[in-house]
Amino acid sequence: RSGREWFKSAVVYQIYPRSFADSDGDGVGDLRGIISRLDYLHNLGVDVVWLSPVYRSPQDDNGYDISDYQDIDPVFGDLAALDELLNGLHARGMKLVMDLVVNHTSDEHPWFVESASSRDNPKRDWYWWQPPRPGSEPGTPGAEPNNWGSAFSGPAWEYDPSSGEYYLHLFSKKQPDLNWENPEVRAAVYDMMNWWLDRGVDGFRMDVINFISKDPRLPEGPRAEGMLYGDGGPHYISGPRIHEFLQEMHQEVFAGRDKDLLTVGEMPGVTVEDALLFTDPSREEVDMVFQFEHVALDQEGGNKWRPKKLVLTDLKKSLGRWQDALGERGWNSLYWGNHDQARAVSRFGDDGRYRELSAKMLAAVLHLHRGTPYVYQGEELGMTNMAFGAISDYRDIEVLNHHREATTHLGHTDAEVLAALAPLNRDNARTPVQWDASRHGGFTTGAPWIAVNPNANTINAAAQIDDPESVYNFYRQVIALRHTDPVVAYGDFTMLLPEDEHVYAFRRSLPGAELLVLGNFSATVQPVDVGDAAWSGAASVLGNYPPGTGLTLRPWEVKVLRRE
Ligand code: TEU
């Protein structure tokens, strides 16, 4: 590998299709809505679109429960529309990366329907079926084969009375886990992946791909005080055969293809050490991973329903460690948000008085790290979290299941749960993209599947596209910098002022040129001394204020200086 792979100077834009743009007035975003916005994306300058699932699905987890991997759900369109989107992107020199969800299928996938039809069905072993715990009353609490909990509350096992066995589901009970120990499962997945690559797609974002290898003994997990279920994580996060499976996938699907492809593994719980193995090009596993350390720092014990204030030095320590570890070998993805995370400007910036300034600062600080940056739809507009009123305003299964469990089994009141849900729930990021100040933010002419944020009347694309000072146009400048300055794509990374509690400072350098990036994560003026007075005279290549003097930072200011 050249060390200068194409994806190192690329920027990826994530589209969550049901919330992006609705073309037929049914209140749900769709493929033709995306097609109508391709020039908006091209103008932004992004190179790749990562499209969250649009396959046939009962939509139990908004498409991450797939019932046909090789067809498009009618709510989003059809394969002809997908091909039109693909051609539209390629015609603009952009690529399409599909979302690969193969840790589990929908319970309505024919594979599962067959598997569940009888204990001796040939596909029984395509999923994880287990008898009740010995000596237990089948179907009653505690009879599950082990104590693992589901990510969406409740046990990770669902009882099937017709066969008297349980099936494993790390997520919703309509998302049964595939059994990757079975070579027939792996072959079927690789066939499907090849079918999509042969159709012209340019790679995959792989959903919880480090969960596909489980300890086949399915041992009990540790159960923390006050938790209803054990944590199976130690027995399926980056499990025993994960590297073998990803290397086999690479050989069966990606090897020998003569086009630039992108593979990014979504890996909750992945460690730096494992990520080095996953992304080391010589191992031919994946190009990069989504790790979750920096998005767990504002939660007590990683519990998103126990939010706490983020400490900047913790953030710098975490991201700095990933920069150092994957600096020479391997590669980082860079993100503040996605469809599972709260909106960046609300979570890491200030979505009130300093919304635009902090959104721009966050963009420059993130994108100028070493790695491939991901822009989540609406982030380029400075879209914010949503103030949901009642539980009936929510749509996300993770939220609804937690609310039910917390109010029925854990004795919390509705008000307590709603307060705990507000900062980090996934629906914050799933309110429709705000295109203009018309009804429903120009997202749909119908009734939106989830409410549009009322601030769409001021925060929207129409108000920003032609405003050179807008968040949108700042993103254009940041993205352009990765395309034009090799220091951004290929330079090394040195964290500066690690103990400073308000300023995020780092240096990027290549022989002959270097950048200094200074971000003020506070609303107060911050003097900055990086121990090198020569920077004071360096040229400013990017900033969110009119050029100032020296290195002092105004509220939420970002300065990017360059010197040869
Ligand atoms: O998310 C995996 C994952 O770890 C999420 O459960 C995330 O940690 C959690 O939502 C944060 O609270 C992937 C998809 O991105 C997510 O949308 C799906 O719900 C999930 O897998 C199951 O497919």
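Looking across the range 84-101 at every residue that is of a type in the set (D, E, K, R) and either away from the ligand (no atom under 16 Å from the Cβ) or open to solvent by 10 Å² or more (accessible area, probe 1.4 Å) (or both), the one that is nearest to M267 (Cα to Cα) is identified as K95. With respect to I34, is the statement that it is more than 14 Å from the ligand (Cβ to nearest atom) and crowded, with 24+ Cβ neighbours inside 10 Å true? Here the answer is yes, as I34 does meet what is asked.
Scanning the range 102-122 for residues that are assigned to a loop (DSSP other than H, G, I, E, B), away from the ligand (no atom under 16 Å from the Cβ) and in contact (Cβ under 8 Å) with a residue 40 or more places away in the chain yields S118, R119. Taking the range 518-541 as the region of interest, how many residues are under 23 Å from I479 (Cβ atoms) and surrounded by fewer than 22 Cβ atoms within 10 Å (Cβ to Cβ)? Count: 4.
Results for (1) more than 16 Å from the ligand (Cβ to nearest atom); (2) touching a residue at least 12 places away in the same chain (Cβ under 8 Å); (3) crowded, with 22+ Cβ neighbours inside 10 Å; (4) assigned to a loop (DSSP other than H, G, I, E, B), shown as yes or no for each residue.
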residue: P53; (1), (2), (3), (4): no, yes, yes, yes
residue: L82; (1), (2), (3), (4): yes, yes, yes, no
residue: G139; (1), (2), (3), (4): yes, yes, no, yes
residue: S153; (1), (2), (3), (4): no, yes, no, yes
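In the range 206-217, the count of residues that are in contact (Cβ under 8 Å) with a residue 60 or more places away in the chain, of a type outside the set (S, T, Y) and away from the ligand (no atom under 16 Å from the Cβ) is zero. The set of residues in the range 341-383 that are surrounded by fewer than 23 Cβ atoms within 10 Å (Cβ to Cβ), in a loop (DSSP other than H, G, I, E, B) and within 16 Å of the ligand (Cβ to nearest atom) contains only Q341.
Number of residues in the range 161-188 that are touching a residue at least 60 places away in the same chain (Cβ under 8 Å), within 16 Å of the ligand (Cβ to nearest atom) and not in a loop (DSSP other than H, G, I, E, B): the value is 2. Within the range 395-449, the set of residues being at negative phi, touching a residue at least 12 places away in the same chain (Cβ under 8 Å) and of a type in the set (G, A, S) comprises A406, A420, A422, A429, A437, G446, A447. Looking across the range 385-424, the residues that are within 16 Å of the ligand (Cβ to nearest atom) and among the small types (G, A, S) come down to A406, A420, A422.
Let's see how each residue does on (1) within 18 Å of the chain's Cα centre (by Cα); (2) within 13 Å of S333 (Cα to Cα); (3) surrounded by fewer than 17 Cβ atoms within 10 Å (Cβ to Cβ); (4) within 16 Å of the ligand (Cβ to nearest atom):
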residue	(1), (2), (3), (4)
M249	no, no, no, no
E273	no, no, yes, no
R283	no, no, yes, no
F290	yes, yes, no, yes
Q299	yes, no, yes, yes
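For the criterion of being at pLDDT 95 or above, within 14 Å of the ligand (Cβ to nearest atom) and of a type in the set (D, E), D191 fails.
Close contacts from the range 477-501, counting a first residue that is farther than 29 Å from V311 by Cβ and a second that is in a helix (DSSP H, G or I) and among the basic types (K, R), with Cβ to Cβ under 6 Å and a gap of 6+ residues or different chains, come to A489/K8; A489/R482. In this structure, Y504 does not qualify as aromatic (F, W, Y) and open to solvent by 30 Å² or more (accessible area, probe 1.4 Å).
Where strands (runs of 3 or more DSSP E) fall wholly inside the range 419-534, the ranges with 1 or more residues that are basic (K, R) are 503-510. Consider the range 301-325 and keep the residues that are surrounded by fewer than 16 Cβ atoms within 10 Å (Cβ to Cβ), of a type in the set (D, E, K, R) and touching a residue at least 24 places away in the same chain (Cβ under 8 Å). The one that is nearest to the ligand (Cβ to nearest atom) is R306. Summed over the range 326-336, the residues that are within 15 Å of the ligand (Cβ to nearest atom) and open to solvent by 10 Å² or more (accessible area, probe 1.4 Å) give a count of 1.
Of all the numbered requirements in (1) crowded, with 16+ Cβ neighbours inside 10 Å; (2) in contact with a helix residue (DSSP H, G or I) (Cβ under 9 Å, 6 or more places away or on another chain), P498 misses one, and that requirement is (1). Filter the range 251-261 for residues that are touching a residue at least 24 places away in the same chain (Cβ under 8 Å) and open to solvent by 60 Å² or more (accessible area, probe 1.4 Å) and give the result. The answer is Q251, E252, R257, K259, D260. E158 fulfils the conditions (1) within 16 Å of the ligand (Cβ to nearest atom); (2) charged (D, E, K, R); (3) closer than 27 Å to I72 by Cα; (4) touching a Lys or Arg at 6+ places or on another chain (Cβ under 6 Å) except for a single criterion, (3).
The values are calculated or read from the model by the stated rules, or taken from the named source; none is laboratory data. Owing to the predicted nature of the structure, the values given are computational and were not obtained by experimental measurement. Reconstructed Cβ throughout: ideal geometry from the backbone, glycine too, with neighbour counts over all protein chains shown. Side chains included, ligands, DNA and RNA excluded: accessible areas come from the protein's heavy atoms. Shrake-Rupley method; radii C 1.70, N 1.55, O 1.52, S 1.80 Å.
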